[in-house]
Every structure is written in C-alpha cells, then in structure tokens.
Amino acid sequence: MSSTIPGAPSKLTPIYTPRHPSAEESPSTQSLIAALNLQPHIEGGYFAEIDRNPLVIPNPFLPQENEGDAGDDDDAVRNASTSIYYLLSRGAPQGCFHRNKGRTVHTVIEGRGRYVLIHADEEGEKKRVESFVVGRDFERGEKSVWVVEGGKFKGSYLIGGERLLVSETVVPGFEYADHDFLTRDGLERLVKEEQVEELEWLVRR
Ligand code: GUN
C-alpha cells in the first residue's frame, strides 16, 4: 500500500512492535547492552549517556525577559552538549515521537532503521512529514549522519536485522525540561488525517 509520506515507498508499518516483539534479545544484543551499560529509554529503545560537556552555558531557551533574574535556578544554564548511545533492538524496536529544544546530530554505528520527522516548528496548519532510512548502504541513499533541528518531533523504528545502534549529540546538552512527547491529540492537530492513521503507532502510550 502506498504511503502518504514523502520518502516512504510503502505504508509505514512496524515489522517489530513493543507489544509483539519478534524475539527476546539475541545473545549478541544482550552482550552489547551489558558492555555499553545501556538502560531502557522512556522513548523506547535503550540508551547510555557517554559525554556531558563540562562547559556550562546560559540556557538559550529561556524567554529573554527571564534572563538575568534566573539566579542560581538549574534552568538558568545548560551543559554545552551531551552525547548518548541509542539502541533499537528486536525487543525494544521503536522510539516514540518526541521533541527536544536542542538540535541533535546522529551517527549510525551499526544496523538500519527508519526515522520519521514531523516539522512542527514550520509554518502552515498541517505540518510537513519526512521519512528516511538510516544505515550504511550509501549507494542505496541511506543516511549515516543526519541532523534533527530542535522543535521537530522524531520517531524511529527498526526495519530489519538485529538492531540499530546510533550516537546522538544534543546541543545544548539534554535536559528533560527541554523534552516532550507527542500525544495522539497533538498528532491529529499537526498532520493530515490520512497521516494520523499511518503514524499513530509511533505515539507513546
Ligand atoms: N536522559 C534521558 N534521556 C536522555 C537523552 O536522550 N539524552 C541524554 N543525554 N540523557 C538522557
């Protein structure tokens, strides 16, 4: 069935889903999770923070009028960057739609997956949706390094193989205060009706 989303050759559907994971984690994935000390991520998948830049900068996301009077409130500053490993696996095969205020640079380390972006920060009543495959088959047009600007909702899922391992560097550094999930209502507000059907399984429940 054809997709309503540019970049997707056929309708976006999960191969593996959290409710029907196709398998327990394989021994090699279990061993990778242990070796990298990965923890379950609330977005789905697993992660480990591997760097938090000790350079501290003023929080660029504060409204201008609050600058200066934020005192020693933690929200007044951010680490200049943070980096994580992020893993999608057979047992945890999808990252649900969420958004960060900071921009994120992603690099594939191993495997293949599909990313879906909802450009919520752009003009227009209904927002542009974009999808692409990440991996290391460059001749097939897979992206191995890509940037997601702040303000866009991002979802991801495993499209075959054992796992997808990426690194993500967020600038400025990650804080939950700069992070939110997309809700079903939010999805309905942001995208066209036919796209809601195609994307709702990537909304966190
Ligand atoms: N803690 C929970 N989620 C994240 C994340 O996505 N990045 C970082 N750096 N820390 C986190």
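The values are calculated or read from the model by the stated rules, or taken from the named source; none is laboratory data. These numbers were taken from a predicted model, which means no experiment stands behind them. With ideal geometry, Cβ positions are generated from the backbone for all residues, glycine too; neighbour counts draw on all protein chains shown.
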- Log entry, pairs with first residue in the range 117-132 being within 16 Å of Glu198 (Cα to Cα), second being part of a strand (DSSP E or B) and among the small types (Gly, Ala, Ser), beta carbons closer than 6 Å, six or more apart or on different chains, reads none
- Message: Given the condition within 16 Å of the ligand (Cβ to nearest atom) and not in a strand (DSSP E or B), answer yes or no: does some residue in the range 83-92 qualify?
- Response: yes
- Exception for Asp74 within (1) at pLDDT below 95; (2) away from the ligand (no atom under 16 Å from the Cβ) falls at (2)
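Of all the strands (runs of 3 or more DSSP E) wholly in the range 118-205, which have at least 2 residues that are within 30 Å of Ser31 (Cβ to Cβ), in contact with a Leu (Cβ under 9 Å, 6 or more places away or on another chain) and not small (Gly, Ala, Ser)? So that I can check it myself, show each step before the final result.
On the way: elements: 129-134, 145-148, 153-158, 163-171, 179-181.
By residue number, 129-134, 153-158, 163-171.
Give the residue, chosen from Lys127, Lys143, that is farther than 17 Å from Gly102 by Cα and touching a helix residue (DSSP H, G or I) at 6+ places or on another chain (Cβ under 6 Å). Talk me through it step by step, then tell me what you get.
Values: Lys143 fails: touching a helix residue (DSSP H, G or I) at 6+ places or on another chain (Cβ under 6 Å).
The unique qualifying residue is Lys127.
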- For the range 172-205, the count of residues that are more than 24 Å from Ile5 (Cβ to Cβ) and in contact with a Lys or Arg (Cβ under 6 Å, 6 or more places away or on another chain) equals 3
